[in-house]
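These notes are about the structure you will find just below.
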Amino acid sequence: MVERSRVRGVLLRYGWLLPFYWALSQGASSVSGVARLLGVSRRVASSGVYYLVRLGLASKGGDGGFRLAGEPIVEVRRKGRLFAAVIGDAVVVAKVRGRSVKSYTVPLRDVENPPPGGRRGYRARVARYALGLE
């Protein structure tokens, strides 16, 4: 069993792992299943699952499949290719692309009250959309 603070810390630091964490929590157990569920190449899915196992958030079963170590702790919301999770006083947003996953964090105060413009404002509005607040 993985402790709650460890999962939160890893996902906060490595936000690009958020979609792979979500895919394993949905029941995908193979790298091909994760790739199909997320719409990424098998190489990208393999890297994501590998790092989840290496950081201790997932484990490899006897049948060759992968599963989360314990119950899903962080609630990850999906909206198309966007994934978002509230972790502490920040929101982690990850966008899945065909050959990569891009991620960033947004302060929770910016998500609740988005700045009017600029990169901060745009990212806050995207985080609101991904969380289903708009």
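Remarks
- For Val91, nonlocal amide neighbours, meaning residues 5 or more places apart or on other chains whose placed amide H falls under 5 Å from its own, are Val106, Leu108.
- More than 13 Å apart - percent of Cα-Cα pairs taken over the range 77-131: 53
- Building the convex hull from the alpha-carbon atoms of the range 1-66 and averaging its projection over directions returns 4.2 nm².
- In this structure the amide hydrogen of Val101, modeled in the peptide plane, comes within under 5 Å of no amide hydrogen from residues 5 or more places off or on another chain.
- Subtracting the Cα-Cα distance of Arg120 and Lys102 from their residue separation scaled by 0.36 nm leaves 4.9 nm.
- Across the range 4-18, computed HN-Hα scalar couplings (Karplus, 6.51 cos²θ - 1.76 cosθ + 1.60, θ = phi - 60°) run 4, 5, 5, 4, 4, x, 5, 5, 6, 7, 10, x, 5, 7, 3 Hz from first to last residue, x flagging Gly and Pro.
- Helices in the chain, meaning DSSP H runs of at least 4 residues, each add -39500 (n - 2.57). Divided by all residues, the mean residue ellipticity at 222 nm is -12500 deg cm²/dmol.
- Taking every alpha-carbon pair under 8 Å whose residues sit at least 6 apart, the chain reaches a relative contact order of 22 percent.
- Distance from the Cα centroid of the range 60-134 to that of the range 1-38 is 12 Å (rounded to whole angstrom).
- Under Karplus coefficients 6.51, -1.76 and 1.60, residue-wise ³J(HN,Hα) of the range 86-100 in Hz, glycine/proline x: 8, 10, x, 9, 9, 10, 9, 10, 10, 10, 8, 10, x, 10, 7
- Gyration tensor over alpha-carbon atoms, the chain, equivalent ellipsoid semi-axes in Å: 27, 16, 11
- Local electrostatic count at Tyr122 - Lys and Arg +1, Asp and Glu -1, tallied over other residues with Cβ under 12 Å: +4
- For Ala58, the amide hydrogen comes within under 5 Å of the amide hydrogens of Val53, Ala69, counting only partners 5 or more places away or on other chains and with H modelled in the peptide plane.
- The range 55-65 - phi-based ³J(HN,Hα) in whole Hz, Karplus 6.51/-1.76/1.60, Gly and Pro as x: 8, x, 8, 9, 9, 9, x, x, 8, x, x
- Length gained on full extension, Glu134 to Arg36, computed as 0.36 nm times the residue gap minus the Cα-Cα distance: 32.5 nm.
Values quoted throughout were computed directly from the atomic coordinates according to the rules given, and no laboratory measurement underlies them. Computed from a predicted structure; not experimentally measured. Methodologically, a virtual Cβ is constructed for each residue, glycine included, from the backbone with ideal geometry; neighbour enumeration extends over all protein chains shown.
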